[in-house]
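Participant: Take a look at the following structure, please.
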Amino acid sequence: MIYITGDKHGDFSEVYGFCCKNKTTRDDLMIVLGDAGINYHASEKDIYLKDSLLQYPITFFCIHGNHEERPEYIGSYYKKIWCGGAVSFEPQYSNILFAIDGEIYKFGKKKGIVIGGAYSVDREYRLLAGLPWFQSEQPSEKVKKRVEKELEKIGWKVDYVFSHTCPLLYEPTPKEVIGFEKIDRSTEEWLDSIAKKLQYTKWYFGHYHDNIQYADAELLYEGIKELGKEDYLQKLGR
């Protein structure tokens, strides 16, 4: 089974309950749409959470968010081919995989491209408070070119898009929010240009801490769904 959920920020307690209830195994997959929080510190401080997740009867497939470091900048990660695309992993945590932006993965007969990253609206607060913030949070120009090159190879047609933030056409944040005009929306603008050219069945994203269904997209937060299905298997409020 392939499941999908939104930001976890280091709290996987609801996922553990879901796994127990549904008797999942390591053959089952949980896609996390960014901000898993597993590499929040990018140091040994993350070991406790990783050790905990190692006990979960499921495999995690994590998209890059804006509250975590990219695995390629952490020395303990390696790369391997998984489901047709490259992933980052640590050998001692075999059930925790990190997607690489621009890679296209095969899930049965379906294909999905991953486009992680986003701008942190709490960046200034985190810097002032001494909390982790990573300059690599948004996709670089190199990453953007790679994504477009990979989409060009497959004729700009894919079943799923997995991202952290979203194209402008799905953006749920109201413009009345204080400071909205200061938000760097370059990633959303770029994703919007991708969405206008790309043929896709469903675009999944997180980041906005809400649960919203669109005709061809879905914003997920605490809910858990089976990939490609409409109904929630678990929906919790925080």
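The values are calculated or read from the model by the stated rules, or taken from the named source; none is laboratory data. Small disclaimer: the values here were computed from a predicted structure and weren't measured. FYI the Cβ positions are ideal-geometry reconstructions off the backbone, even for glycines, and counts take in every protein chain you see. Just the protein is used for accessible areas: all its heavy atoms, side chains included, with ligands, DNA and RNA removed. Shrake-Rupley method; radii C 1.70, N 1.55, O 1.52, S 1.80 Å.
Participant: Beyond 21 Å, what percent of the Cα pairs of the chain remain?
Facilitator: 54
Participant: Rounded to the nearest 20 Debye, what is the dipole magnitude of the stretch 26-127 about its Cα centre when Lys and Arg each give +1 and Asp and Glu each give -1 at the C-beta? Display every interim value, and only then the final one.
Facilitator: Details: 12 positive and 14 negative charges, 98 e Å.
Using only the charged Cβ atoms, the result is roughly 480 debye.
Participant: Using +1 at the Cβ of each Lys and Arg and -1 at the Cβ of each Asp and Glu in the chain, identify which of 158, 5, 140 lies farthest towards the dipole's positive end.
Facilitator: 158
Participant: If you add up the charges near residue 99, with Lys and Arg at +1 and Asp and Glu at -1, over every other residue whose beta carbon is less than 14 angstrom from its beta carbon, what do you get?
Facilitator: Within the 14 Å Cβ shell, the charges total 0.
Participant: What number comes out for the charge environment of residue 154, summing +1 per Lys or Arg and -1 per Asp or Glu over other residues with Cβ under 13 Å away?
Facilitator: Spelling it out: positives minus negatives among the neighbours equals +2.
Participant: Excluding same-chain pairs closer than 8 in sequence, count the lysine pairs in the stretch 60-161 whose Cα atoms lie under 13 Å apart.
Facilitator: The number of close lysine pairs in the stretch 60-161 is 4.
Participant: I've got another one for you. In nm, what is the difference between 0.36 nm times the number of residues separating residue 109 and residue 229 and their Cα-Cα distance?
Facilitator: Taking 0.36 nm per residue and subtracting the Cα distance, the gain is 41.7 nm.
Participant: Is the C-alpha gyration tensor of the stretch 102-238 telling us rounded, prolate or oblate? Criteria: a/c under 1.5 is rounded; beyond that, a/b larger than b/c is prolate, otherwise oblate.
Facilitator: Verdict is oblate for the stretch 102-238.
Participant: Per the 1.4 Å probe, what fraction of the accessible area of the chain, in percent, lies on carbon and sulfur atoms?
Facilitator: Numbers: 5900 of 11520 Å².
Accessible surface attributable to carbon and sulfur in the chain totals 51 percent.
Participant: With a 1.4 Å probe and every protein chain left in place, work out the accessible area per residue of the chain in Å², rounded to a whole number.
Facilitator: Result: 48 Å² per residue.
Participant: Rounded if a/c is under 1.5, else prolate if a/b beats b/c, else oblate: with a ≥ b ≥ c from the C-alpha gyration tensor eigenvalues square-rooted, which is the stretch 85-179?
Facilitator: Details: a/c = 2.16, a/b = 1.36, b/c = 1.59.
Oblate.
Participant: Still on this structure: Rounded, prolate or oblate, given the Cα gyration tensor of the stretch 19-67, with a/c below 1.5 counting as rounded?
Facilitator: On the way: a/c = 3.00, a/b = 1.54, b/c = 1.95.
Since a/c reaches 1.5 but b/c is at least a/b, the shape of the stretch 19-67 is classed as oblate.
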